[in-house]
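Please read the structure below before turning to the comments.
The values are calculated or read from the model by the stated rules, or taken from the named source; none is laboratory data. As the structure is a prediction and not an experimental result, all values here were calculated from the model. Note: ideal-geometry Cβ built from the backbone for every residue, glycine included; neighbour counts use all protein chains shown.
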Amino acid sequence: MTSFITLCKPKIVLLLTLTALVGMLLSIEFYSNIFSSLASLLGFAFLAASSAALNQIFDRESDKNMQRTKKRPLAAGDISLSQALIFTAILLSIGTSLLLYFSNPLTLFITTFGFIFYSLVYTIYLKWATPQNIVIGGLSGALPPLIGWTAVTNEVSLLPLILVLIIFLWTPPHFWPLAIDRMDEYKKEGVPMMPIAKGVSRTKKEMIVYAILLLGASLSPFFYGLTGYFYLFSTTALNLYFIYLCVAYLNDKNNELSMRVFNFSVKYMLLFFLATYADFLIKLYV
C-alpha cells in the first residue's frame, strides 16, 4: 500500500490540496455548504494524485537513473506497470465523479485542463523540449486556488486569479535551486533544465527577477482592496526574505545555498497561504 501512496507524490498533492482549500475558504459560499465543498476538494485531491501517478508512469525509465527518483515505486520495481495503470484509472474515475457530482462543470473543466497539461503536455513534451519547461509547466500547479474558488462559487474572480499568478511566478525560483543541485543528473538524462541550457549564473539572475515579480504580484491583492494590512505586512516580509535569499544565492559560487533556498520556498508557499487566510478571518471578524 505504501508504494501506491508514494506513486501519488503525496507531499506535492497535499500542498496542491491545501492551496485549493484556501481558495475555497476565501469564499463565503464555502461556509454555507461545507460538506459539498470538502467532497469537491477530495475529488480534486484524487485527480491530482492520478496526475502525479501518470507522471511517474511516463517517467519510469528516466527515474531509474536519477538519485532523487530512483526509489520511486515504478523505478524500483515495487509495483508493476499494469498495477500502476489500474490504480491511476481508479483515482481518475473517483476524482472525476466527485467533482462532477459535488461541484460544477467549470471546476471539472479547469481541473481536467491542469491534469492534461501536467501529466501529458509537460511530462511528455515540455520537460524534454525547452529550458522553460518549469516556467510553462508551472501553470498546472498554479491552478488549485482557482479550482477551489470555482468549486464553491461556480465563477472566476480576481483574487483567485492573482493567487494563480503568484504560484506561477513562485515556481521557477522554487524549482531551479533543486535543478542546480541535481544538474549533473538532469544533464545525464538529457533534460534541458535552465541551468544546463543557459548556465547557472543566468538561472540565478532570472530567479531574482521572478522573486521581484512575485513581490509585485503578492502586493496587488492589497492595492485592489481584496486583502488587509495583516496580509500586506506578512507577505511583504516573506517576499523580501525570499529576494534576499535569491540575491545571496547569486553570490554563492559553490551553490551551497541550493537546498536552503529550495526548502524556504516550500515554507514560503505554506506561510503565504496561511497569512492569506488569516487576513480573511481578521477582515471577517474584526
Members of segment 277-286 found to be in contact with a helix residue (DSSP H, G or I) (Cβ under 6 Å, 6 or more places away or on another chain) and either among the aromatic types (Phe, Trp, Tyr) or surrounded by 20 or more Cβ atoms within 10 Å (Cβ to Cβ) (or both), listed by number: Tyr277, Asp279
Residue that is nearest to Gly23 (Cα to Cα) [pool: residues in segment 192-207 that are touching a residue at least 24 places away in the same chain (Cβ under 8 Å) and surrounded by fewer than 21 Cβ atoms within 10 Å (Cβ to Cβ)]: Glu206
Candidate set from segment 58-83 (those that are hydroxyl-bearing (Ser, Thr, Tyr) and not in a helix (DSSP H, G or I)); member that is farthest from Met1 (Cα to Cα): Thr69
Residues that are touching a helix residue (DSSP H, G or I) at 6+ places or on another chain (Cβ under 7 Å) and under 19 Å from Phe46 (Cα atoms), drawn from segment 105-122: Leu106, Thr107, Leu108, Ile110, Thr111, Gly114, Phe115, Phe117, Tyr118, Ser119
Pairs with Cβ under 9 Å, 6+ apart, first in segment 131-157 and of a type in the set (D, E, K, R), second surrounded by fewer than 24 Cβ atoms within 10 Å (Cβ to Cβ): Glu155/Leu106
Selection count, segment 240-286, where residues are assigned to a helix (DSSP H, G or I) and polar (S, T, N, Q): 4
For Val156: the one exception among (1) assigned to a loop (DSSP other than H, G, I, E, B); (2) more than 20 Å from Leu47 (Cβ to Cβ): (2)
Residue list for segment 244-271, filter: under 15 Å from Ile166 (Cβ atoms) and buried (at least 18 other Cβ atoms within 10 Å of the Cβ): Ser265, Tyr268, Met269
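Here's the yes/no breakdown for (1) of a type in the set (S, T, N, Q); (2) surrounded by fewer than 17 Cβ atoms within 10 Å (Cβ to Cβ):
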residue: Trp128; (1), (2): no, yes
residue: Gln132; (1), (2): yes, yes
residue: Gly137; (1), (2): no, no
residue: Pro144; (1), (2): no, no
residue: Thr153; (1), (2): yes, no
residue: Pro160; (1), (2): no, no
residue: Ile166; (1), (2): no, no
Sole residue being at pLDDT below 95, under 23 Å from Lys187 (Cβ atoms) and assigned to a helix (DSSP H, G or I), chosen from Ile124, Ile116: Ile124
Verdict on Lys11 being assigned to a loop (DSSP other than H, G, I, E, B) and among the basic types (Lys, Arg): no
Matching residues, segment 72-100, being small (Gly, Ala, Ser), buried (at least 20 other Cβ atoms within 10 Å of the Cβ) and more than 14 Å from Thr111 (Cα to Cα): Ala84
